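Undergrad: I'd like to ask some things about the structure below.
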Amino acid sequence: MFERLEDEEDNDESEDSEEYIKPPRLIAIIGDEDTCVGFVLAGIGEVDEFENPNYFIVDQKTNEYTLEKIFNNFTHREDIGLILITKEAADKISTVVKHYKSVDPAVLVIPGHNGPYEIQLPPGVQEIEDRREAQRSRRGSLGSVASLASLKTLASHHSSVHTIKSSKLDTNLNKK
């Protein structure tokens, strides 16, 4: 499963210097013809040893059973590391896509050729982003209130110091 990388010059190094990496993995795509052709022309088109391609074209006639079967086949292939699925195709098998929890291979819903350009994050990632946004808004609102309060305090402090200096100056002038 893992390959050992060694430099021929450094054969006498300790065991700690060995690196293990996984072999390169493919990107699979499930979507409309235009989207799949674009990705295949970009160079992701491959077939495995059983002549199974890493892409599947979805059209109006593609039923949910076939689409679900292809999706499950892609998720179980060892040579695939990322599955891109268009929004339209993901909507057809939304329960399967929503219940897919593994990160290997990762699944990313992308816009199709006629869909909106709005990528929806997986539920776990969306929850993390929502928490971060809530923290930012709390910090921002508290930060601005705290900043406003500190500015008022600072302004009153400066006026107090100025008033004290003025009164001392007036007192010193009156003594002369």
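Undergrad: Determine, yes or no, whether Gly43 is on the phi > 0 side of the Ramachandran plot and at pLDDT 90 or above.
TA: Here the answer is yes, as Gly43 does meet what is asked.
Undergrad: Follow-up. Please specify each residue of the stretch 35-73 satisfying the condition of being β-branched (Val, Ile, Thr) and without any contact (Cβ under 8 Å) to a residue 40 or more places away in the chain.
TA: Val37, Val40, Ile44, Val47, Ile57, Val58, Thr62, Thr66
Undergrad: Another question, then. For the stretch 33-57, which positions are in a loop (DSSP other than H, G, I, E, B) and more than 20 Å from Ala106 (Cα to Cα)?
TA: Those that are in a loop (DSSP other than H, G, I, E, B) and more than 20 Å from Ala106 (Cα to Cα): Glu49, Phe50, Glu51.
Undergrad: Shifting gears a bit: Being more than 10 Å from Val109 (Cα to Cα) and either assigned to a loop (DSSP other than H, G, I, E, B) or among the hydrophobic types (A, V, I, L, M, F, W, C) (or both) is the filter here; which residues of the stretch 73-93 pass it?
TA: Correct list: Phe74, Arg77, Glu78, Asp79, Ile80, Leu82, Ile93.
Undergrad: Right, next: Can you report the number of residues in the stretch 9-32 which are at pLDDT below 85, over 15 Å from Glu78 (Cα atoms) and not in a helix (DSSP H, G or I)?
TA: Counting residues in the stretch 9-32 that are at pLDDT below 85, over 15 Å from Glu78 (Cα atoms) and not in a helix (DSSP H, G or I) gives 9.
Undergrad: If Ile70 satisfies every condition in (1) part of a helix (DSSP H, G or I); (2) under 26 Å from Pro123 (Cα atoms); (3) at pLDDT below 90 but one, which is the exception?
TA: Result: Ile70 fails condition (3) only.
Undergrad: Pull up the stretch 51-74, narrow it to residues that are among the β-branched types (Val, Ile, Thr) and out of contact with any Lys or Arg (no Cβ under 8 Å at 6 or more places or on another chain), then point me to the one that is nearest to Thr86 (Cα to Cα). Before the answer, list the steps.
TA: To start, the set of residues in the stretch 51-74 that are among the β-branched types (Val, Ile, Thr) comprises 57-58, 62, 66, 70.
Those still in the list that are out of contact with any Lys or Arg (no Cβ under 8 Å at 6 or more places or on another chain) too: 57, 66, 70.
Values: Ile57: 10, Thr66: 16, Ile70: 14 Å.
Filtering the stretch 51-74 for residues that are among the β-branched types (Val, Ile, Thr) and out of contact with any Lys or Arg (no Cβ under 8 Å at 6 or more places or on another chain), the one nearest to Thr86 (Cα to Cα) comes out as Ile57.
Undergrad: If you don't mind, there's one more thing I want to ask. Name the single residue, out of those in the stretch 115-134 being at pLDDT 85 or above and hydrophobic (A, V, I, L, M, F, W, C), that is farthest from the chain's Cα centre (by Cα).
TA: The residue in question is Ala134.
Undergrad: If you don't mind, there's one more thing I want to ask. If I ask for residues that are of a type in the set (Phe, Trp, Tyr) and either within 20 Å of Pro23 (Cα to Cα) or surrounded by 21 or more Cβ atoms within 10 Å (Cβ to Cβ) (or both), which ones from the stretch 63-95 would you list?
TA: Phe71, Phe74, listed by residue number.
Undergrad: Determine whether the stretch 119-133 contains at least one residue that is assigned to a helix (DSSP H, G or I) and of a type in the set (S, T, N, Q).
TA: Checked against the condition, which is being assigned to a helix (DSSP H, G or I) and of a type in the set (S, T, N, Q), the stretch 119-133 yields at least one hit.
Undergrad: Which one of these is at pLDDT 90 or above and outside any helix (DSSP H, G or I): Val96, Val103, Val107? Don't jump to the end; show me each part of the working.
TA: Values: Val96 fails: outside any helix (DSSP H, G or I); Val103 fails: at pLDDT 90 or above.
It is Val107.
The values are calculated or read from the model by the stated rules, or taken from the named source; none is laboratory data. Note that this is a predicted model, so its numbers are computed, not measured. Positions of Cβ are backbone-derived with ideal geometry, glycine not excepted, and every protein chain shown enters the neighbour counts.
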